[in-house]
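Taking it in order: structure first as structure tokens, then the write-up.
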Amino acid sequence: MARDTKPVVIGDHEVWLVRKLASADSRIWIAEVGGEPVGQVRLDRHGEAAEIDYSVAAGRRREGWGIAILDALTARHALGLATAYGEVRSENEASARAFLKAGFAETVGSEVPAGYRRFEKTLQHG
Ligand SMILES: CC(C)(COP(=O)(O)OP(=O)(O)OC[C@H]1O[C@@H](n2cnc3c(N)ncnc32)[C@H](O)[C@@H]1OP(=O)(O)O)[C@@H](O)C(=O)NCCC(=O)NCCS
């Protein structure tokens, strides 16, 4: 469901991860349940808003963790930005439902890329 659907090469991924972890324009959290990782969420600064990338471990899907991860973001200091958004492939029903359940509103308009739906929310800071 990522924009780039090519297989991930581990060496390239490690370089990417080191760069992301060092970047002032990104934050990554691991979601844990009972000490076990169940998912990840990343915020990347794009102009005045933070773009969300998130996923739940394949064996832990449909248990509500996707919604819980998006909910948790509203209580986080999200790169000092007031809004967060996610762009979801049109066929990704699970992600669209999770965004809506977590209180995001669907954006309509020319800024939504073809083949995607866009969901946006104002974040609380603190
Ligand atoms: C999208 C994703 C994070 C959702 O996480 P999840 O923990 O499975 O979702 P939840 O259990 O919180 O459920 C969210 C909603 O989607 C629905 N849902 C979950 N899986 C679904 C599926 N395969 N098809 C249709 N609806 C689905 C749930 O029923 C729920 O909706 P409801 O409360 O109205 O019934 C997960 O499917 C995933 O990691 N997918 C691959 C990566 C991805 O797509 N990331 C998002 C990119 S924008």
Check your understanding: Out of the residues in region 75-89 that are farther than 17 Å from MET1 by Cα and over 12 Å from the mean Cα position of the chain (by Cα), which is surrounded by the fewest Cβ atoms within 10 Å (Cβ to Cβ)?
Key -> GLY80
Exercise for review: Of all residues in region 103-126, count the ones that are among the polar types (S, T, N, Q), farther than 20 Å from ARG27 by Cα and part of a strand (DSSP E or B).
Suggested key: 1
Revision key, fill the gap. Taking region 58-83 and keeping only residues that are more than 12 Å from the ligand (Cβ to nearest atom), within 22 Å of VAL38 (Cβ to Cβ) and touching a strand residue (DSSP E or B) at 6+ places or on another chain (Cβ under 7 Å), one is left with LEU73, THR74, ALA78
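What about ILE52, is it exposed (fewer than 12 other Cβ atoms within 10 Å of the Cβ), of a type outside the set (Phe, Trp, Tyr) and touching a Gly at 6+ places or on another chain (Cβ under 8 Å)?
No, not satisfied.
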**Study point:** Number of positions in region 90-108 that are surrounded by fewer than 16 Cβ atoms within 10 Å (Cβ to Cβ) and hydroxyl-bearing (Ser, Thr, Tyr)
**Key:** 2
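Does ALA24 count as more than 11 Å from the ligand (Cβ to nearest atom) and either within 20 Å of ASP4 (Cβ to Cβ) or touching a Ser or Thr at 6+ places or on another chain (Cβ under 6 Å) (or both)? First the steps, then the outcome.
Numbers: more than 11 Å from the ligand (Cβ to nearest atom): yes; either within 20 Å of ASP4 (Cβ to Cβ) or touching a Ser or Thr at 6+ places or on another chain (Cβ under 6 Å) (or both): no.
No: the conditions fail for ALA24.
For region 27-52, enumerate the residues that are in contact with a Leu (Cβ under 8 Å, 6 or more places away or on another chain) and in contact (Cβ under 8 Å) with a residue 24 or more places away in the chain.
ARG27, VAL41, LEU43, ARG45, GLU48, ALA49, ALA50, GLU51, ILE52
To keep it simple, each residue is scored yes or no on (1) surrounded by fewer than 16 Cβ atoms within 10 Å (Cβ to Cβ); (2) modelled with pLDDT of 95 or more; (3) among the basic types (Lys, Arg).
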site	(1), (2), (3)
ALA2	yes, no, no
LEU21	yes, yes, no
PRO37	yes, yes, no
ARG60	no, yes, yes
GLY66	no, yes, no
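The values are calculated or read from the model by the stated rules, or taken from the named source; none is laboratory data. The structure displayed is predicted, hence computed values, not measured ones. As a convention, Cβ positions derive from the backbone with ideal geometry for all residues, glycine included, and neighbour counts pool all protein chains shown.
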